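Everything below concerns the one structure shown next.
Each value in this text was obtained by applying a stated rule to the coordinates, not by laboratory testing. This one's a predicted model, so the numbers in the text were calculated from it and none came from an experiment. All Cβ positions, even for glycine, are placed from backbone atoms using ideal geometry, and neighbour counts span all protein chains on display.
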Amino acid sequence: MAKSNKPIFWGLFAAGGTVTAFVTPALVLITLFAAMRFNMDMFTYDTIHAFAAHWLGKLIIFGVILLSLWHAAHRLRVTVHDFGVRADTLVAYVVYGIAGLGTFVTIVYLLRI
Amino acid sequence: MSRKPYIREISKTRWFLRQPRYMRYMAREVTCIFIFAYTFLLIVALARLSQGPDAFQEFLNALRSPLGVLFNLAVLIAAVYHSMSWFNVTPQAMPIQQGEEFVPGSIIVGAHYGAWAVISLIILFLGV
């Protein structure tokens, strides 16, 4: 059987699609509340830092960012094709490259907290 | 080559405008642009968090601009559309068989919406 990297990217897409479907609307609602100054005590440096300093918090943040990033990257590749761009290999390198970079800096920032 | 090659007269860039179901498909696919952008907002937040309280305060001030509110509002609409389109196809994506019968799609979809509500309430309870 020919080797293919499709299962990896498709697996991340499916897992990410499920996690973003469950988690992202509520997450965006929180950042929207923070942006609208809904409650000035809720999005403070101390509370967010305490969450990100704990290993479980780090794991949750990494999981959410990793999966939503690779979900969106894979779907973006398809969407670009649907808008008429047929340079699929180049598009794949660009979107997966950006997702890989995002994953790398997320690890770096998490380790610094 | 045949002398009269068949050429489909369909635009590569505007094909989805022809039918409502293609439009819904594209709306679903386009949600990924907002999810992608929002993930980078989270990464920027993480970067500023790792740089200390002053840097994080600067991030918060930028988030509280009209553009920040508008961006979050747009992402919220896209994210909810993504969730609904994702859950609505779960009976096709993972049909569950019980004996001879398949579990009705409405039960599978309903279970996902229920879990979505519970998870959202937990996140909002912890975050707000």
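Before moving on, here are some points about what is shown:
- Shielding of B:73-86 by partner chains, average beta-carbon count, 10 Å: 5
- Chain B - Kirkwood radius from inverse mean 1/r over Cα pairs (Å): 18.8
- Only lysines eight or more places from B:LYS12 in sequence, or on another chain, were considered; those with a Cα closer than 23 Å are B:LYS4.
- Per-residue ellipticity at 222 nm, computed for the protein assembly as shown from helices alone with -39500 (n - 2.57) per DSSP H run of at least four residues, works out to -26500 deg cm²/dmol.
- Helix B:66-88 axis, angle to chain B major axis (alpha carbon atoms, nearest 10°): 40
- Annotation: amide H of B:ILE96 within the under-5 Å range of B:VAL103, sequence separation 5 or more or interchain, hydrogens built in the peptide plane.
- Full-stretch length increase - B:ARG8, B:MET23 - with 0.36 nm per residue and alpha-carbon distance subtracted: 3.4 nm
- Reference-scaled alpha-carbon Rg (2.2 N^0.38 Å with N residues) for the protein assembly as shown: 1.15
- Residue of B:PHE102, B:PHE36, B:PHE59 that the Gaussian network model of chain B assigns the largest fluctuation, springs spanning Cα pairs under 10 Å: B:PHE102
- Descending semi-axes in Å of chain A, equivalent ellipsoid built from Cα gyration tensor: 31, 17, 13
- Across the stretch A:57-104, counting alpha-carbon atoms alone, Rg and Dmax equal 12.2, 41 Å.
- If you plug the beta carbon distance of A:TRP10 and B:SER106 into 1/(1 + (r/R0)^6) with R0 = 41 Å, you get a FRET efficiency near 0.90.
- With respect to chain B, whose longest principal axis is taken over its alpha-carbon atoms, helix B:20-50 is tilted by about 20°.
- Among A:15-23, B:120-128, the peptide with the highest mean count of other Cβ atoms within 10 Å heads the list, and the full ranking is A:15-23, B:120-128.
- For chain A, averaging the sequence separation of C-alpha pairs within contact (under 8 Å, six or more residues apart) and dividing by the residue count gives a relative contact order of 34 percent.
- Membrane-span-like helices in chain A (whole DSSP H runs, Cα extent of at least 18 Å along the helix axis, mean Kyte-Doolittle hydropathy of at least -0.5): A:6-35, A:55-82, A:88-112.
- Selected from B:GLN98, B:GLN51, B:GLN19 as most flexible by GNM, with chain B as the system and alpha-carbon contacts under 10 Å: B:GLN98
- Exercise: per-residue mean of other protein chain Cβ atoms within 10 Å, A:45-58: 2
- Neighbouring Cβ atoms from other chains, within 10 Å of the Cβ of residues in B:42-54, number 6 on average.
- For chain A, the Cβ-based charge dipole about the Cα centre amounts to some 320 debye (Lys, Arg positive; Asp, Glu negative; other atoms uncharged).
- Note, ³J(HN,Hα) from phi for the stretch B:104-109, Karplus 6.51, -1.76, 1.60, rounded to Hz, x at Gly and Pro: x, x, 4, 5, 5, 4
- Considering only B:LEU17, A:TRP10, A:THR106, and ranking their Cα positions along the charge dipole of the protein assembly as shown that arises from unit charges at the beta-carbon of Lys, Arg, Asp and Glu, the one farthest toward the positive end is B:LEU17.
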